[in-house]
Every structure is written in structure tokens, then in C-alpha cells.
Amino acid sequence: MTSPRQTVTILGSTGSIGVNTLDVISRHPDRYEVFALTAATQVEALLAQCQAFSPRYAVMASADHAGQLSARVKEMGLPVQVLAGAQALCDVSADPSVQVVMAAIVGAAGLAPTLAAARAGKKLLLANKEALVVGGGLFMDAVRDGGGTLLPIDSEHSAIFQCLPEDARHWPSRLDHILLTSSGGPFRETPLSALPGITPNQACAHPNFVMGRKISVDSATMMNKALEVIEARWLFDLPPEKIKVLIHPQQIIHSMVQFKDTSVLAQLGTPDMRVPIAYGLSWPERMESGAQPLDFSSLVSMTFMDPQRERYPGLYLSWDALLAPEGTTTVLNAANEVAVAAFLEQRLRFDQIHAVNHATLTAVLPSKPHSLDELMAIDAEARAMAEAQVHRLRA
Ligand code: NAD
Ligand code: MG
């Protein structure tokens with residue numbers, strides 16, 4: 001007897017992770033069906049996805065975009081119900097008919113629907129690392145209370161998850177530390193004196209991946225790795241000193257675990273996000289992902305180096321933030337979202353992203369949040385402070 005197909009909601013289906021998720025799903029029509037697709041503003045892209053995957057719902061962030069999509073859906077006679085707004089995102093995540101939710105909205109905007117999926121006990125595939133950086137302990141409590149399964153999609157965390165014993169109860173007694181690997185971004189060898197002149201387009205040209213613009217800038221500053229350090233702290237329940245970062249430009253090793261006896265396990269493969277996506281979808285099984293296998297005989301070399309503090313000062317903010325009261329990582333994330341947006345709008349220089357993050361962390365000193373409302377208040381205060389820092393630096 002064939003098992004029924006799993007129903008999937010994809011939050012952020014028009015983004016880089018969303019498109020890769022649909023690519024993997026399209027290879028396994030016998031296993032998955034799409035329940036809902038969502039996007040911020042990309043009406044035509046969501047329309048094309050509705051045509052190809054026939055979801056029950058399509059959600060757009062604003063009523064205006066939903067209206068446009070609704071008109072196009074009617075024109076084409078598609079049996080898709082179009083919804084709008086933040087509550088609709090939560091509804092299609094928590095709907096009793098949904099089994100799997102891919103959280104691939106970028107930034108803190110993804111927190112509420114991702115939390116809704118966690119509370120509803122879904123199998124939650126987490127690409128939206130900002131949700132965990134912002135939500136921290138509250139987010140993990142929601143996953144525990146909901147009784148669902150949280151699976152990392154970020155390639156480093158998927159790699160670590162694949163190297164760890166299946167039974168999480170054995171992790172603390174066996175593991176010594178984890179090593180998150182990083183490409184070092186496109187400016188690994190750029191003279192430090194040239195960093196202030198980096199343009200948004202240069203920062204978004206990542207050497208090994210096509211990604212969204214926000215995460216591309218974060219990769220260039222290594223703030224992406226800073227967020228991943230915080231993400232790892234929560235996913236694997238690790239103290240900050242047990243999380244290390246190593247630059248590995250070829251991105252063949254996707255991260256490693258060192259055990260108590262010094263033995264190291266690594267997960268290797270070509271850098272292709274469809275691998276961690278397929279693993280999350282099929283876990284604990286494995287299925288075809290569409291990625292090219294590694295060709296070891298043509299691998300020239302694998303190199304490693306420590307991240308220099310002068311080049312990547314933002315990376316080091318993560319350990320500081322983890323040692324401070326819990327809402328501090330919410331402040332760091334909010335500051336960074338504001339700074340990156342200002343850089344992409346050419347209101348801030350590349351090297352000033354760190355200046356904004358550092359100044360905001362110094363100015364906003366939260367105490368541990370106990371609810372989503374308290375979290376959002378910290379987030380709002382940090383955003384306002386970060387905007388003020390952007391203005392101060394421009395003046
Ligand atoms: P992206 O910018 O390509 O796509 C983001 C998606 O979110 C789009 O569908 C967009 O329409 C939607 N969105 C944006 N703002 C929204 C809002 N306010 N409300 C509702 N929807 C909104 O981003 P991406 O590269 O796919 O990254 C998505 C997430 O996955 C990020 O958190 C990123 O850090 C993480 N991630 C990405 C990669 C990668 O290779 N791209 C790897 C690891 C983790
Ligand atoms: Mg990653």
C-alpha cells in the first residue's frame with residue numbers, strides 16, 4: 001500500500017530556498033503535495049508557482065498584491081484561494097491539514113508564522129534562521145510544547161544534525177564542540193582598505209551560491225555566520241564556547257562535530273541547498289535531491305583558516321550577545337536587518353554595517369523576554385536605535 005502524500009506549506013516560496021524546495025518536491029510528486037505558497041510582493045512568480053503546483057492557498061503579504069494575484073488567478077481559472085496578510089501566513093502554517101512547513105521567509109518577518117507552525121506541532125523545516133535568533137528560548141519552548149519536529153535547513157546545521165547521534169539524549173555526553181564552516185564570502189582576500197568602497201552588487205555576487213540579497217550581504221560580512229552561531233546554540237542546546245567557526249572557501253565540508261575522544265565527523269557534498277532541503281523533507285529517510293554528486297578525483301584541495309577579527313568584526317558579536325541577557329540576540333538581528341537594508345539602499349557603507357550593529361548593541365540593553373509581545377518590543381526599540389545610528393553615520 002502506498003502511503004498518503006504529505007501536505008506542505010512553503011513560507012517564502014518565491015525566494016531562493018522556496019524555489020529550491022519546490023524543485024525537490026517536483027521530483028517526488030508521489031510523496032508531497034503543496035497546501036499553501038506565500039510571497040511578499042512577487043505576484044507573477046507566485047502565479048507561475050500556483051499554475052505548476054496547484055496549492056489550495058496562495059498568500060501575499062499585502063492586500064494590494066493579493067488583489068493583483070487574485071485577478072490573475074481568476075483570469076487563468078486556477079482553483080487557488082488567495083489570502084493576504086500576517087494572520088493568513090499563521091493560518092496556513094497551523095492549518096490542521098498541513099503536515100510540513102518550510103519556513104523560508106527572510107528576516108524577523110518570518111517569526112510569527114514559524115512560531116505558529118511550531119505551536120501547532122508541525123514538522124518544521126527551518127531555513128529562516130532569524131526566527132530562531134530573534135525568538136531564542138521562546139521559540140524552542142513553542143517547538144517543545146507543540147510536540148512537533150524541528151529540522152534544520154541551514155546547510156551547516158543540517159550537516160551537524162547529520163553527524164550527531166540520532167538520539168539527542170546522547171549529545172551532551174559525547175560531543176566536545178561543533179565547527180561551523182564558512183566560505184569567508186566574496187571579500188576573503190580583498191585588501192581591508194577596499195572594504196568601505198564595496199557596492200551592493202559586489203556584495204551580492206557570492207562565489208558558490210545564488211541566494212537572496214540579505215543573506216548575500218550577511219555572508220560577505222560573516223554576520224550570516226554570527227546568526228548561525230546563535231542558531232546552533234538553540235538547535236543543539238550548546239554553550240557559546242562549544243561553537244567554533246572555521247573558514248573553508250571550497251564549501252565541500254558543510255560543518256563538523258568533534259567528539260570527546262577528538263574524533264571529528266563531517267558532512268560533505270557539493271554546495272547545493274537542495275541537499276539539506278531533501279534531507280529535511282525525507283528525514284529520517286534519504287531521497288534524490290537533484291544535486292550533482294561530489295567528484296573527489298577532480299577536487300583540487302580543501303583549505304581552512306581562522307576568521308580574522310579585523311575583516312569580520314561582526315562575527316564576534318554573536319558570542320558576546322549569547323553571554324548577555326537573552327533578548328540581546330534579538331537586538332543584534334534587528335540592528336543587522338536595518339543596517340543591511342540601509343547598505344542595499346546605498347544609505348550606508350559596507351564597513352558601517354558593523355558600526356551600526358555594535359552601537360545598537362551598546363545602546364539597547366534588554367532583559368530576558370517572556371512573550372512574543374516583549375520580543376517584538378525589543379525588536380522595535382532596536383530597529384529605531386539602528387535607524388538613528390544610520391542617520392548619525394550619514395550626517
Ligand atoms: P529570499 O530573499 O530569496 O526569499 C525570501 C522569501 O520571503 C521570498 O519569497 C519573499 O517574498 C518572502 N518575504 C520577504 N519578506 C517578507 C515579508 N515581510 N512577509 C512575507 N514574506 C516575505 O531569501 P532566501 O535566500 O531564500 O532566504 C530565506 C531564509 O533562508 C533566510 O532566513 C536565510 O537566512 C535562510 N537561508 C538561506 C540560504 C540560501 O542559500 N539562500 C541558506 C541558508 C539559510
Ligand atoms: Mg548557512
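A short reminder: the numbers here are calculations on the coordinates, not readings from a lab. Quantities reported herein were computed from a predicted structural model and do not represent experimental measurements. For neighbour counting, all protein chains shown are included, and Cβ atoms are generated from backbone atoms with ideal geometry for every residue, glycine included.
Among 40, 266, 52, which one moves the most in a GNM of the chain with springs linking Cα atoms closer than 10 Å?
Comparing 40, 266, 52 in a Gaussian network model of the chain, the most mobile one is 52.
Using the count of nearby Cβ atoms within 10 Å as a rough guide to exposure, how do 114, 262, 360 rank from fewest to most? Working shown, then result.
Numbers: 114 33, 262 7, 360 26.
With the sparsest Cβ surroundings first, the list reads 262, 360, 114.
Amide H to amide H under 5 Å from residue 83: which residues, 5+ apart in sequence or cross-chain, H placed 1.01 Å off N in plane?
58, 59, 60
Mind listing which trypsin sites (Lys or Arg not before Pro) in the stretch 189-287 are in a DSSP loop and have 14 or fewer other Cβ atoms within 10 Å? Could you put the intermediate results ahead of the total?
On the way: sites: 213, 214, 225, 233, 242, 244, 260, 274, 286; in loops: 260, 286.
Passing sites in the stretch 189-287 are 260, 286.
Among DSSP beta bridges lying fully in the chain, give the percent that are antiparallel, nearest 5. Walk me through the intermediate numbers first.
On the way: 9 of 39 bridges.
So the antiparallel bridges in the chain amount to around 25 percent.
So how strong a dipole does the stretch 6-153 carry about its Cα centre when Lys and Arg Cβ are +1 and Asp and Glu Cβ are -1, to the nearest 20 debye? All intermediate terms of the calculation are to be shown ahead of the outcome.
Values: 10 positive and 11 negative charges, 43 e Å.
Computed charge dipole of the stretch 6-153: roughly 200 debye.
If you project the alpha carbons of the stretch 307-395 onto the principal axes, what extent comes out on each, in Å, largest first?
36, 28, 18
Could you line up 302, 256 from fewest to most neighbouring Cβ atoms inside 10 Å? Intermediate results must be reported in sequence, preceding the final value.
Values: 302 13, 256 22.
Fewest-to-most ranking of 302, 256: 302, 256.
Once you've got the Cα coordinates, tell me which of 260/368; 225/368; 244/368; 129/244; 74/214 are over 28 Å apart. Don't skip to the answer; put the middle values down first.
Numbers: 260/368 32 Å; 225/368 23 Å; 244/368 25 Å; 129/244 18 Å; 74/214 33 Å.
Long pairs (Cα-Cα over 28 Å): 260/368; 74/214.
I'd like the FRET efficiency for residue 376 and residue 210, computed as 1/(1 + (r/R0)^6) with the beta carbon distance as r and R0 of 35 Å, rounded to 0.05.
On the way: r = 32 Å, r/R0 = 0.91.
Here the calculated transfer efficiency is 0.65.
Filter the GluC sites (Glu not before Pro) in the stretch 1-99 to those in DSSP coil with at most 12 other Cβ atoms within 10 Å of their Cβ, and list the result.
Values: sites: 33, 44, 75; in loops: none.
Passing sites in the stretch 1-99 do not exist.
Determine the sum of side-chain charges near residue 145: Lys and Arg each +1, Asp and Glu each -1, restricted to other residues whose C-beta is under 15 angstrom from that of residue 145.
Taking every other residue near residue 145 into account, the sum is +2.
Place +1 on the Cβ of every Lys and Arg and -1 on the Cβ of every Asp and Glu in the chain, take the dipole about the Cα centre, and give the residue among 51, 229, 336 whose Cα lies farthest towards its positive end.
Selected residue: 51.
Name the GluC sites (Glu not before Pro) in the stretch 183-268 that are in a loop by DSSP and that have at most 12 other C-beta atoms within 10 Å, would you? List each step's numbers first, then the result.
Details: sites: 189, 228, 231, 241; in loops: 189.
Taking the stretch 183-268 and a limit of 12 other Cβ atoms within 10 Å, the loop GluC sites (Glu not before Pro) found are 189.
To the nearest 20 debye, what charge dipole does the chain have about its Cα centre, counting +1 at the Cβ of each Lys and Arg and -1 at the Cβ of each Asp and Glu? Kindly include the intermediate steps, with their values, before the conclusion.
Values: 31 positive and 39 negative charges, 47 e Å.
So the magnitude is around 220 debye.
Going by Cα centres, the stretch 370-395 and the stretch 104-150 are how many Å apart?
22
Taking θ as phi - 60°, what are the ³J(HN,Hα) couplings along the stretch 77-83 by the Karplus curve (6.51, -1.76, 1.60), each to the nearest whole Hz, with x for Gly and Pro?
Values, residue by residue: x, 8, x, 10, 8, 9, 10 Hz.
Give me, ordered by chain and number, the residues 5 or more places off residue 6 or on other chains with an amide H under 5 Å from its own placed amide H.
Excluding prolines and chain starts, which carry no amide H, the hits are 32, 33.
Convex hull over the alpha-carbon atoms of the chain: what's its volume per residue in Å³? Walk me through the intermediate numbers first.
Values: hull volume 59.5 nm³, N = 395.
Taking only Cα atoms, the chain has a hull volume of 151 Å³ per residue.
In nm, to one decimal, how far is the modelled label at residue 347 from the one at residue 309, with both set 7 Å along Cα→Cβ?
According to this spin-label approximation, the distance is 3.2 nm.
Please list 3J(HN,Hα) in residue order for the stretch 251-265, calculated via the Karplus relation 6.51 cos²θ - 1.76 cosθ + 1.60 where θ = phi - 60°; whole Hz, with x for glycine and proline.
Along the stretch 251-265, the couplings run 6, 8, 7, 9, 2, 9, 10, 9, 8, 4, 8, 6, 4, 10, 10 Hz.
In vacuum, with every alpha carbon of the stretch 6-153 counted as one equal point scatterer, what does the Debye formula give for log10 I(q)/I(0) at q = 0.19 Å⁻¹? Two decimals, please.
Cα-only, vacuum Debye calculation for the stretch 6-153: -1.06.
What are the ³J(HN,Hα) couplings of the stretch 308-322, residue after residue, when phi is run through the Karplus curve with 6.51, -1.76, 1.60 and θ = phi - 60°? Round to Hz, x for glycine and proline.
6, 5, 5, 7, 10, x, x, 3, 6, 5, 5, 5, 4, 5, 6
Give the residue from 312, 350, 245 lying farthest towards the positive end of the charge dipole for the chain; charges sit on Cβ (+1 for Lys and Arg, -1 for Asp and Glu) and the dipole is referred to the Cα centre.
Going by the charge dipole, the pick is 350.
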